[in-house]
Amino acid sequence: MNNTFVFSRLVRLINRQWIGFGKIYLMALGIIAGIFVAFFSFRIYQVAQSQNLEDISTIFSFRPYLFTVIGMAFLSIVSSSYFSVLGQKSKAITEILIPASRTEKFISALFYTALLTTVSYVLLFYIIDFSFVSYVRSRFEASPVFISPDTDKGFNLNRLNYFFQIPLADEIYWLLFLPFLSSAVFLLGSIYFNNFQFIKTAIIIVVYGALYAIFMVKIMEWYTSDTVSIVTDSGAFFNQESNIIKSFCTVGILVTLLIWGISFLRLKEKEV
Amino acid sequence: MITIETLNFSYGKNRPLFKNMDMQLHNAHIYGLLGKNGAGKSTLLKNIAGLVYPQSGHISVLGHDPSKREVSLLQDICFIPEEFHLPSVKSEKYIKTTAGFYPNFDRAYFEELIREFDIPDQQKLSDMSYGQKKKYIIAFGLATKTKLVIMDEPTNGLDIPSKTQFRKIMASTIDEERCVIISTHQVRDLDNLIDAVIVLDEYKIALNASIFELADRLMFKKVSVLSPEVLYAEQTMGGYSAILPNTTGEQSKVDLELLFNALLQQKLEFANVLKPINHE
């Protein structure tokens, strides 16, 4: 008997957890879909009312903010609710005693809170964005066809891009660990706290963030006092700004792995 | 099957529950676990199942350390808690997603128990009444065919016919490989059901003996006058329910409630009478 990991047992566990977790997850996804549709629809309504087609290129300028804010909130809430059952005596006994190993239970948690949540969120945003952008292009002629004088062939001049076609700044790619870090922190919170997991974890993050900011400001003040600021031609404070972001990313990934590791250990120690 | 050695457990520095507790439980028995409120019945069961960890001491269940929560042990433990949750799905879906974790799950036996308990199988589990849910979880637990069955207050919420069915089912469920532990404060529910009794009192096992041994050692009977050899008695209609030393060898029906009260109220006297059969 393999007490550590059996793939078929993991699949069975994921399948079993869906009956409890799936409904909450799908409801959360439905609410988010509603929020997205509301934002997109409202902007289309505004432009349709104003008849100002100059707005077309910026009609959905809210997308990066909406995608980031709602995405982080969705990840945090799903992660925070995942192990919250361990704080409820009536559910916790069944969950702990279900014959699956700690490794399988933890992988199942990562599957739901990091993988499925991220993929389904991106897919949902992609589908909604695709639908609305396609609609706007067809209704407001946001994508007229021009004939190239050189080749004599027609081409589309897109005044409105799909969200995932917009090129991202290089720095953004180095920050892609953030959703996973957030998920890891809230997952640990769901194991560590027995009730009000989301609020307690959020408070800790806010307190940590505030302390971090204060310390950083104080340290930088102390480090740069009585010195002269040299700003390069490009306006960057640091000569190699990307190195700072790369370091930030490395530390972030290590912290994410560390928090997942702590969650794994805490899962073993959980008592009812 | 279960060995507990010098178990120490507390929920805080000022709230010890077990002090150097020793106990052995064997297969092919249905144990009734009795104790006052707060004596630690549920906590002892949780220690055995690995749901809480002892401060010190050693617990061995089927040769495993339960605190490690190994799959090979979890597959052989069925724990029916006092408070439980059933998901909002029908029985078929629940069986499909959960029974696979227990390699010896007996579907035919489960359906037989469902019929016996008269549980509606087309209803969502979460929509059932508390009693129906309880019977469902008991039926599922017994159908897992695990070697160790732990039940915490299983008769709470059951109506009188269901309690009768429960006793009947439990009596037929025991086999040579199986050990059942039933914790309850409703001592009458265990009548004619258990074949061994464990009493928890003052951080220790006050008694761990088979019903046969108790009947061999003690005489439970109604008396009209209290004679000097009476160990313990409670006044009833027209006389006393009394416990006396069994000097004749004649077997009487063990009155668990009377025995329990006697043990808690006259510890010293009973310690002397029962010590030779107290299998800690």
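A few remarks follow.
- For the protein assembly as shown, the solvent-accessible area of protein heavy atoms averages 52 Å² per residue (probe radius 1.4 Å; ligands and nucleic acids excluded).
- Remark: mean inter-chain Cβ contacts per residue of B:76-83 equal 3, using a 10 Å Cβ-Cβ cutoff to other protein chain atoms.
- Interchain or long-range residues, amide H under 5 Å from residue B:80's placed H: B:150, B:151, B:152
- Among the listed pairs B:19/B:68; A:89/B:147; A:23/B:46; A:200/B:96; B:134/B:168, those with a Cα-Cα distance over 26 Å are A:23/B:46; A:200/B:96.
- For chain B, modelled as a GNM whose springs connect Cα atoms under 10 angstrom apart, the maximal fluctuation among B:113, B:86, B:74 occurs at B:86.
- Rounded to the nearest 20 debye, dipole of the protein assembly as shown from Cβ charges on Lys, Arg, Asp, Glu: 420 debye
- B versus A: buried accessible surface, summed, Å² (probe 1.4 Å, to nearest 100): 2600 Å²
- Long-range HN-HN contacts of residue B:146 with modeled amide H, under 5 Å: none
- Dipole orientation for chain B: of the candidates B:180, B:1, B:44, B:44 has the Cα lying most toward the positive pole (charges on Cβ; Lys, Arg +1; Asp, Glu -1).
- Within the stretch B:2-201, antiparallel bridges make up roughly 40 percent of the DSSP beta bridges whose residues both belong there.
- In this structure, the residue pairs whose Cα-Cα separation is over 32 Å, taken from A:105/B:133; B:41/B:222; B:163/B:222; B:41/B:163; B:145/B:204; B:90/B:204, are B:90/B:204.
- Of the residues A:25, A:208, A:82, the one that moves most in a GNM of chain A with alpha-carbon contacts below 10 Å is A:208.
- Among the helices of chain A, those built from whole DSSP H runs whose Cα atoms reach 15 Å or more along their own axis and whose mean Kyte-Doolittle hydropathy is at least 1.0 are A:63-82, A:178-192, A:197-224, A:241-269.
- Loop-resident sites, the stretch B:69-117, for GluC sites (Glu not before Pro), counting at most 16 other Cβ within 10 Å (DSSP): B:83
- Cα centroid separation - the stretch A:92-134 against the stretch A:162-234, whole Å: 23 Å
- Shape category assigned to the protein assembly as shown from the gyration tensor of Cα positions, a/c cut at 1.5: prolate
- Based on C-alpha pairs under 8 angstrom that are at least 6 apart in sequence, chain A has a relative contact order of 26 percent.
- Shielding value for A:19-25 is 3, the average number of Cβ atoms from other chains within 10 Å of each residue's Cβ.
- Estimated vicinal HN-Hα couplings, Hz - the stretch B:72-87 in sequence order (Karplus 6.51, -1.76, 1.60; Gly, Pro = x): 4, 7, 4, 5, 10, 10, 10, 10, 10, x, 5, 9, 9, 10, 10, x
- Using θ = phi - 60° and Karplus 6.51 cos²θ - 1.76 cosθ + 1.60, couplings along the stretch B:240-252 (whole Hz; Gly, Pro as x): 9, 8, 10, 10, 10, x, 8, 9, 9, x, 7, 8, 10
- Site-free segments of chain B were taken between trypsin sites (Lys or Arg not before Pro) in DSSP loops having at most 11 other Cβ atoms within 10 Å, sites themselves excluded; the longest one is B:14-252.
- Shape of the stretch A:7-269, Cα gyration tensor, a/c cut at 1.5: oblate
The values are calculated or read from the model by the stated rules, or taken from the named source; none is laboratory data. Computed from a predicted structure; not experimentally measured. We place every Cβ from the backbone using ideal geometry, glycine too, and count neighbours over all the protein chains shown. When the accessible area is computed, the model is the full protein with side chains, heavy atoms only, and any ligands, DNA or RNA have been set aside. Shrake-Rupley method; radii C 1.70, N 1.55, O 1.52, S 1.80 Å.
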